[in-house]
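The values are calculated or read from the model by the stated rules, or taken from the named source; none is laboratory data. The structure displayed is predicted, hence computed values, not measured ones. Calculation scope for accessible area: heavy atoms of the full protein, side chains included, ligands and nucleic acids excluded. Shrake-Rupley method; radii C 1.70, N 1.55, O 1.52, S 1.80 Å.
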Amino acid sequence: MRSIILDCDPGHDDAVAMLLAWGSPVIDLVAVTTVFGNQTLDRVTRNALGVAAVAGIHGIPFAAGADRPLVRELATAGDFHGESGLDGPELPAASVALDPRHAAQLIIDLVMAAPTGTITLVPTAALTNIALAARLEPRIVPRVREVVLMGGGYGGGNWTAAAEFNILADPEAAHIVFGAGWPVTMAGLDVTHRALATPDVVADIVALGTPVARFVDELMGFFRESYRSHQGFEHPPVHDAVAVAYVADPAVLTVRRAPVSIELTGTHTLGMTLADLRGPAPDGTTTSIATGIDVPRFWALVTDAIARIR
Ligand code: BDR
Ligand code: CA
C-alpha cells in the first residue's frame, strides 16, 4: 500500500487522478490539496469537493492552498477546462468540509506525523503548495518517500513551445521542488500525451454502468472537444492520472535518472524542464524523467479503480 497526498487543480484529468487514487486497491489516499491552475483556487477547490461527492470520497482532509504563483502573475487554463474548471458534468454540492489549514500546512502536518519514507507527494498542478511546504518546514524533505509529479516534458511544451502548463504556471516553485533533494519523478508530456482517452477506453469505462463511470464519460466528452479545438488532438490526454498510476504500479512507466533544470530566465524558454541526457546521470542526481509508458497497463489500472468505486 502506498500513501499519497494528491495536490491538484481539478481539472478534468485531475478528477480522473482523484478517482484512480481513491479506487486503487494499492493506494492509500491520505489527503487532497488544491492550488490555483486550471481555474482560480476557489473554483478548483469546489471541483475537488464535487468530485469527492460524486465518488463518495470521505474520511480524509481536503485543504486549499496557494491562490497565485510565488513570483509571477496568475494565469489559468480556462480555455481547456471551461469557466468552472470542470465543465461538462453537473457537480453535486460538497459532502465533506474543507480543512481550515493552508494546504502547505496540512502537507507538513501529515508528513511530520507519518513515519519517515512513507508519504509520497503527487502534485498534478503548479508546484506552489509543495514549494511552500518545503520552505516552511524543510524537515519534510528527507521524510517524504518521493515526489511523483505531472508536469514538464523533456521533448517540448504545450503552453509554449518549450514549457508545460504546470511548470510555467509557477516556474520558481518548480525550481524549488526539483532542486529540494528529495527524489522527484517527472511524468511529463513525453508520456502523458500518449495516455489518450480513446473511444475504446471510454467505452470500457461506460460499460461499468456506475454513476462514477457516467461522470468520467461526461468529463471526457468536454475534454475531447477542448483538446480538439485548442490543440488538434483527436482524443484527450488524461495527464494527471499517469502520475498516480506510476505510484500504484511502477511498471506503467519507464524512467531514467537525469538532472533537470527549470528555466527561469529564457526569453522563449521560461518554464522549460531542461533534462541533461548526456550519458549516465552524475552521482547525487535526485531527479528522474519518464521516457516510456505502457498504455494498456495504464488504462487497466484506471478502469479497475473506477470499477471499485460504488
Ligand atoms: C497539465 O495542465 C493542466 O491543465 C492539466 O490538468 C495537467 O495537470 C497538462 O499540461
Ligand atoms: Ca492538473
Could you give log10 I(q)/I(0) at q = 0.12, 0.13, 0.21, 0.24 Å⁻¹ for the stretch 129-228, computed by the Debye formula over C-alpha point scatterers of equal weight, without solvent?
-0.57, -0.65, -1.02, -1.14
Rounded to the nearest 10 Å², what accessible area does ASP28 show when all protein chains are kept and the probe is 1.4 Å?
60 Å²
Heavy-atom accessible area ranking, 1.4 Å probe, most first, across ASP170, ASP200:
ASP200, ASP170
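How much accessible area per residue does the stretch 185-310 have, counting only protein heavy atoms and a probe of 1.4 Å, in square angstrom? It would help to have the intermediate numbers written out before the result.
Values: 5580 Å² over 126 residues.
Accessible area per residue: 44 Å².
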For all pairs of alpha-carbon atoms in the stretch 166-222, what percent lies in each bin of width 5 Å, listed from the first bin to the last filled one?
4, 15, 16, 14, 12, 11, 12, 11, 4
With no solvent and one equal point scatterer placed on each C-alpha of the stretch 181-310, evaluate the Debye formula and give log10 I(q)/I(0) for q = 0.15, 0.19, 0.20, 0.21 Å⁻¹, two decimals.
-0.81, -1.08, -1.14, -1.20
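In Å, the Kirkwood hydrodynamic radius of the chain over pairs of distinct alpha carbons? The partial results should precede the final answer.
Details: mean 1/r = 0.0532 Å⁻¹.
One over the average 1/r among Cα pairs gives 18.8 Å for the chain.
Quick one, what does Rg over Rh come out to for the stretch 62-169 if you take C-alpha atoms and the Kirkwood Rh?
Reported Rg/Rh (Cα atoms, Kirkwood Rh): 1.00.
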As a test question: what accessible area, to the nearest 10 Å², does GLU146 have when a 1.4 Å probe is rolled over all protein chains in place?
30 Å²
On each of the three principal axes of the Cα atoms of the stretch 26-70, give max minus min coordinate, whole Å, ordered largest first.
33, 19, 15
